[in-house]
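Take a look at the structure set out below.
Values quoted throughout were computed directly from the atomic coordinates according to the rules given, and no laboratory measurement underlies them. None of the values given here were measured: they were computed from a predicted structure. Because the Cβ atoms are built from the backbone with ideal geometry, glycine has one as well, and the counts that use them run over all protein chains shown.
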Amino acid sequence: MEKKKYYMTTAIAYTSGKPHIGNTYEIVLADAIARYKRSQGYDVFFQTGTDEHGQKIELKAQEAGITPKEYVDNVAGQVKDIWNMMNSSHDKFIRTTDAGHEREVQKIFKKLYEQGDIYKGSYEGLYCTPCESFWTESQLVDGKCPDCGREVKPAKEEAYFFKMSKYADRLIEHINTHPEFIQPVSRKNEMMNNFLLPGLQDLCVSRTSFKWGIPVDFDDRHVVYVWLDALTNYITGIGYDAEGEGTEQFKKNWPADLHLIGKDIIRFHTIYWPIFLMALDLPLPKQIFGHPWLIQGDGKMSKSRGNVLYADELVDFFGVDAVRFFVLHEMPFDNDGVISWELLVERINSELANTLGNLVNRTITMTNKYFGGTVKDKGAVLCDEDGAVDADLKAVVEQTPQVVEKKMESLRVADAITEIFNLFKRCNKYIDETMPWALAKEEEKRDRLETVLYNLLESIKSGARQIAPFMPETAEKILAQLGDGKVVEKPEILFARLNLDDVLKKVEELHPPVEEAEAAAGKAAADGEGAAGKDAAVDMEAKPEITFEEFGKMQFQVGEIIACEEVKKSRKLLCSQVKIGSQVKQIVSGIKAYYTAEEMVGKKVMVLVNLKPAKLAGVLSEGMLLCAEDADGNLALMTPEKEMPAGAEIC
């Protein structure tokens, strides 16, 4: 019987720099899904790669004093090394500088031009270089790029445009009739309400202001703009031919079963990409999943903030499978996950060393101690309670694969891993219930002891086979130690317990703390600015004087944030529930660029309590959180120096 195909892709990594652990999470997630599908008997083709063109790359290469190709070759090499280190089982690694991809992009561009979907015009607007995007004045947020918050500059240039509106209604209908197309549902709602339903503008698909891109072969002043170049890798990588001579691999694998991408590029994949495919008369991918971000404990990872964690460094500390386990298990389905050294140590100790590692170790040890490493199923029970305990363990073992399959069908990978670890926890409970060490003291209970150890070994084997897609090396080690009929004489420690203080000390040795002033000065020097350190003064325009009576009308109190969430339809607002004395006020603040909703919870903050309520982005705000702002526009919440109760007066 021929295997059912499953074609899946990740977003291709942008080669502006070495990928951090947040970027690396995606390849680990994709690999876990690919391995799981293979274990189900699917013929999986798993593609990943690198996105290597654009103005940002051209500028970085100039700064480094090398050619753009030399620059991307170096970064693409780093990406490949990290993907391989994380045990990715991808079948193809495509680069957008591959000659075959470049030729096909030129053919696609020409085909779309000749059929009237692309036309020549000129573009005048506000341009964000890091995002390589044009924006209108109304799309800006506080005068800055709505995607990254950086400065935009006026730009005008001749360009080719794609007629997006021509296909908009057809795309809306497809989304409405295919509820599984965009996942999670929150991403679908965002795309429909914020972009499609208000109406699509034509899309700029070529540039003339830089040269590092694929030339438009019939107009060599232009290079193909990033999204038409990058997105088409999903079809060029498997042999699409715009002239109709696609390979057998393309005919077999397209449409893709899954595009796995970060939530920040969901718009390009669920609007631009489907429309390009419609214009090429190709079927749309079956599902696009926009996963959340993995965020460092003190906020979204950013080189400028100095809080970037890299996969290779984490692997040096904890090992590949421990890092794989953490990033997969700690990432919620629809909300951002948090990573920190402290959390890593806690999860490794509690889940990997205790729940799993200790279970395997003591089961092998008891099997060797009492039966020389070999046990058989004697089916022995001494009482009804024994039978019930055995039946319950076996039920968990039998049910877990079905539950895991259901979770994986909806891409709830973290939940699937939790179910497998529930099986391991049930095995540990079974040891506590049956007490093998007590059974070993009585010869007449020897058959029962052997039955218990047999049940344990078979249950652990089942769990190991199921954990293999997520932790392949660990699964292989467990199964090798349990053997086929005889366990190893001396069990290998799968995961050693870690001492947090020792880990943090080693981290400090690798990354010596830098004074804030030095860090800020270093960043300013790197940016070519004269930014100041923590002790620098910030001058601001003086406001009119007020009387003490006027000041006395303002009521300031300490508040405790007990809940917080992002405001939908807003790129900068967080909505906090703030406890002030016995009351709870809802306060909306424009601080999403500086704090995640998760890290707001539990903070003690300074609140202007009696500000007249107002609606921001349609959400009622009943006060104001006080913040400090530096000369660069960075915000920090004002918090009490000492512990104060919620409701304490600020005077």
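Could you give the length gained by full extension between LYS92 and CYS651, i.e. 0.36 nm per residue of separation minus their alpha carbon distance, to one decimal place?
Numbers: separation 559, 0.36 × 559 = 201.24 nm, distance 6.38 nm.
This chain segment gains 194.9 nm when fully extended.
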Gain in span if fully extended, LYS490 to ARG221, counting 0.36 nm per residue against the direct Cα distance: 90.0 nm
At q = 0.20, 0.27 Å⁻¹, work out log10 I(q)/I(0) for the range 67-113 with the Debye formula, treating every Cα as an identical point scatterer and leaving solvent out; two decimals please. -0.78, -0.98
Over the chain, cysteine residues that find no other Cys C-beta under 4.7 Å are CYS148, CYS204, CYS383, CYS427, CYS564, CYS575, CYS627, CYS651
How many nm separate the modelled label positions at GLN139 and ASN499, each set 7 Å beyond the Cα in the direction of the Cβ? 5.5 nm
Report, by chain and number, residues whose modeled amide H sits under 5 Å from the one on THR50, excluding near sequence neighbours (fewer than 5 apart, same chain). ALA13, ILE94, ARG95, THR96
Take the residue pairs LYS3/LYS477; LYS3/LYS251; LYS585/LYS612; LYS572/LYS642; LYS120/LYS166 and return only those whose Cα atoms are more than 22 Å apart. LYS3/LYS477; LYS572/LYS642
Return a whole-number percent for the relative contact order of the range 548-637, with Cα pairs under 8 Å and 6 or more residues apart as the contact set. 28 percent
Output needed for the range 341-482: three equivalent-ellipsoid semi-axes, defined as square roots of 5 times the C-alpha gyration tensor eigenvalues, in descending order, whole Å. 28, 17, 13
Once you put a point 7 Å from the Cα of MET644 and another 7 Å from the Cα of GLU158, both along the Cβ direction, what distance in nm separates them? 6.4 nm
Given the options VAL396, TYR430, ASN361, identify the residue whose Cα lies farthest towards the positive end of the charge dipole of the range 341-482 (+1 on Cβ of Lys, Arg; -1 on Cβ of Asp, Glu). ASN361
Given charges at beta-carbon only (K, R positive; D, E negative), |dipole| of the range 341-482 in Debye: 340 debye
Compute log10 of I(q)/I(0) for the range 1-65 with the Debye formula, placing one identical point scatterer on every Cα and leaving out solvent, at q = 0.15, 0.23 Å⁻¹, to two decimals. -0.60, -0.94
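Pairs of alpha-carbon atoms within less than 8 angstrom and 6+ residues apart define the contacts here; what relative contact order does the chain have, in percent? Write out the running numbers ahead of the final one.
Numbers: 1045 pairs, mean separation 68.9, N = 651.
Worked out over the chain, it gives 11 percent.
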Taking Rh as the Kirkwood radius computed over C-alpha pairs, what is the Stokes-Einstein D of the range 1-136 at 37 °C in a medium of viscosity 0.692 mPa s, expressed in µm² per second? 189 µm²/s
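Please report the orientation-averaged projected area of the range 143-287, defined via the convex hull of its C-alpha atoms, in nm².
On the way: hull surface 40.0 nm².
Convex hull of Cα atoms, orientation-averaged projection: 10.0 nm².
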Given bins 5 angstrom wide, list per bin the percent of all Cα-Cα distances in the range 548-637, short to long. 3, 14, 25, 25, 20, 9, 3, 1
Compute the distance from the alpha-carbon center of the range 38-77 to that of the range 3-37, in whole Å. 14 Å
Cα-projected label distance for ASN194 with ASP316, points at 7 Å along beta-carbon direction, nm: 3.7 nm
If you take the beta carbon distance between ARG465 and GLU433 as r and set R0 to 35 Å, what does 1/(1 + (r/R0)^6) give as a FRET efficiency, to the nearest 0.05? 0.90
So the FRET efficiency between LEU479 and GLU248, C-beta based with R0 = 35 Å and rounded to 0.05, is 0.45
By DSSP, what percent of the beta bridges with both residues in the chain are antiparallel, rounded to the nearest 5? 65 percent
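Taking the Cα centre as origin and putting +1 on Lys and Arg beta-carbons and -1 on Asp and Glu beta-carbons, what dipole magnitude results for the chain, to the nearest 20 debye? Intermediate values should be presented prior to the final figure.
Working: 79 positive and 103 negative charges, 263 e Å.
Rounded to the nearest 20 debye, it is 1260 debye.
Give me the extension gain from GLU70 to THR177: residue separation times 0.36 nm, minus the current Cα-Cα distance, reported in nm with one decimal.
Values: separation 107, 0.36 × 107 = 38.52 nm, distance 4.59 nm.
Length gained between GLU70 and THR177: 33.9 nm.
If each residue's Cβ is checked for other Cβ atoms within 10 Å, how do ILE21, ILE266 rank with the fewest at the top? Present the calculation step by step, with values, prior to reporting the outcome.
Working: ILE21 24, ILE266 20.
Arranged by neighbour count, lowest to highest, ILE21, ILE266 become ILE266, ILE21.
Projected area of the range 96-184, taken from the Cα convex hull and averaged over every viewing direction, in nm²? The partial results should precede the final answer.
Values: hull surface 34.5 nm².
For the range 96-184, the mean projected area of the Cα convex hull comes to 8.6 nm².
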In vacuum, with every alpha carbon of the range 428-479 counted as one equal point scatterer, what does the Debye formula give for log10 I(q)/I(0) at q = 0.19, 0.32 Å⁻¹? Two decimals, please. -0.67, -1.11
Placing +1 at every Lys and Arg Cβ and -1 at every Asp and Glu Cβ, with all other atoms neutral, what dipole size does the range 1-156 have around its Cα centre, in debye to the nearest 20? 440 debye
Ranking ARG170, ARG412, ARG465, ARG95 by Cβ neighbours within 10 Å, fewest first, what do you get? ARG170, ARG465, ARG412, ARG95
Each residue of the range 168-177 in turn: what ³J(HN,Hα) in whole Hz from Karplus with 6.51, -1.76, 1.60 and θ = phi - 60°, glycine and Pro shown as x? 4, 4, 5, 5, 4, 5, 5, 5, 5, 9
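Distances longer than 50 Å among the Cα atoms of the chain: what percent of all pairs is that? Before the final figure, lay out the partial values.
Numbers: 47644 of 211575 pairs.
Roughly 23 percent, rounded to a whole number.
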Picking from TYR234, ILE175, PRO215, whose Cα lies most toward the positive end of the charge dipole for the range 175-260 (charges on Cβ: Lys, Arg +1; Asp, Glu -1)? ILE175
